[in-house]
1. Hand me the list of strands (runs of 3 or more DSSP E) wholly inside the stretch 131-250 holding 2 or more residues that are open to solvent by 40 Å² or more (accessible area, probe 1.4 Å) and modelled with pLDDT of 95 or more.
2. Kindly provide the set of residues from the stretch 157-169 that are free of Cβ contacts under 8 Å to residues at least 60 places away in the same chain and under 20 Å from the mean Cα position of the chain (by Cα), ordered by number.
3. Would you tally the residues in the stretch 219-238 being over 26 Å from Ile171 (Cα atoms) and away from the ligand (no atom under 16 Å from the Cβ)?
4. Hey, can you tell me all the residues within the stretch 1-39 that are more than 7 Å from the ligand (Cβ to nearest atom), assigned to a helix (DSSP H, G or I) and open to solvent by 10 Å² or more (accessible area, probe 1.4 Å)?
5. Which numbered condition in (1) within 21 Å of Ile223 (Cβ to Cβ); (2) touching a helix residue (DSSP H, G or I) at 6+ places or on another chain (Cβ under 6 Å); (3) modelled with pLDDT of 95 or more; (4) away from the ligand (no atom under 11 Å from the Cβ) is the only one that Ser72 fails?
6. Could you grab me the full set of residues in the stretch 79-95 that are surrounded by 13 or more Cβ atoms within 10 Å (Cβ to Cβ) and free of Cβ contacts under 8 Å to residues at least 60 places away in the same chain?
7. Which residues, taken from the stretch 247-261, are farther than 12 Å from Ile200 by Cβ, touching a Ser or Thr at 6+ places or on another chain (Cβ under 8 Å) and not small (Gly, Ala, Ser)?
8. Which number in (1) assigned to a helix (DSSP H, G or I); (2) within 16 Å of the ligand (Cβ to nearest atom) marks the one condition that Leu90 misses?
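The values are calculated or read from the model by the stated rules, or taken from the named source; none is laboratory data. Keep in mind that this is a model prediction, so the values were computed, not measured. Using ideal geometry, Cβ is built from the backbone for each residue, glycine included, and neighbour counts are taken over all protein chains shown. For the accessible areas, the whole protein counts, side chains as well, though only heavy atoms, and no ligand, DNA or RNA atoms are used. Shrake-Rupley method; radii C 1.70, N 1.55, O 1.52, S 1.80 Å.
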Amino acid sequence: MRIVVFAGGTGAAKFLRGLVRIVDPAGLTVVANTGDDLDWWGLHVSPDLDTVCYELAGLLDEQRGWGRAYESFNCRDAMADLGKAAWFSLGDKDLATHLYRTERLRQGARLSEVTAELCQRLNVRSKVLPMTDDPVRTVVTMDDGDVPFQEFFVHRRHTGVVHDVRFEGSILAIPAPGVLKAIASADLIVMAPSNPVTSIGPILSVPGISQQMEDTNAPVIAISPIIGAEAFSGPAAQLMAMRGWPASAVGIATAYNSFLDVLLCDTADEHLRDEIERLGPRPVFTDIRISGTSAASRLAQEVVACRP
Ligand code: GDP
């Protein structure tokens, strides 16, 4: 079965942990957000691509939800000693990925090529595609002006009023090679339980991707990253409200309204059934908490089983 997963970072990784245990990983294509990418200490860092690749390689630090397991942070501490900003933590082993990527990009390789090389080196059997090879950067407008996404998310711990989120450069971006074809030829497309504004939003902002989602014959299933009015983690509820969407599973149905067939929501949200159905998708109520590998596998089984 050819499955395409739209992915941010931590929420997507939790879901993928289960999915690769119940389907052939070779049939899986992950399209990952690169709006979070940043230049840090002169290196090109792609946090969501790396979270996905590390997860699929069995290397992710599952407690933190980012970076590699069994990691040390000697370089970060030494950079802090040199007076450099160190609020964005890169582990020592993780640094190898960013050094490799930055060198290859400087040699003229495309991000999608570098990602494929990294996946091969890390023995990842699935295909991981950046949404685009072009620079797209998520910018958050706050009371004191525009800040890059990681400044908002990590440095400011996603506190403060957000007036807008935009994806700089996306208007000129083209989908990375293989993205549109994967969507068109998929048997199933899954929107991971990721932030719909800052993780999936940038992917859908790349011209051509939303249209291909509307045109595909594949069923599209989303997993809500929200129970009630609360996200499991991060600013999803706050940012959805900023977009004018209900901060609940109804907002997820609103965000993906033009192509969504099925929405997996928590059993605690059964009272939202009518509202979701009115928007179009069929709601399926289950336990959407991914508390470990077996919960991830069970949820993945349910996703595959509820294909229309
Ligand atoms: P980020 O780049 O790390 O923010 O990556 P994502 O957007 O993929 O992950 C964050 C989202 O994952 C948040 O909106 C969370 O609510 C969601 N999330 C985290 N843990 C869980 C879980 O156990 N179940 C579900 N359904 N969503 C989760």
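1. Values: elements: 137-142, 145-148, 162-168, 188-191, 220-223.
Strands (runs of 3 or more DSSP E) meeting the threshold: 145-148, 162-168.
2. The first filter runs over the stretch 157-169 and keeps only residues free of Cβ contacts under 8 Å to residues at least 60 places away in the same chain, leaving 157, 159-161, 166, 168-169.
Within the stretch 157-169, Arg157, Arg166, Glu168, Gly169 meet the criteria.
3. Result for the stretch 219-238: 1.
4. Across the stretch 1-39, the qualifying residues are Arg17, Val20, Arg21, Ile22, Pro25, Ala26, Gly27.
5. Single failed check for Ser72: (1).
6. Met79, Ala80, Ala86, Ser89, Leu90, Gly91, Asp92, Lys93, Asp94, Leu95
7. None; the set is empty.
8. (1)
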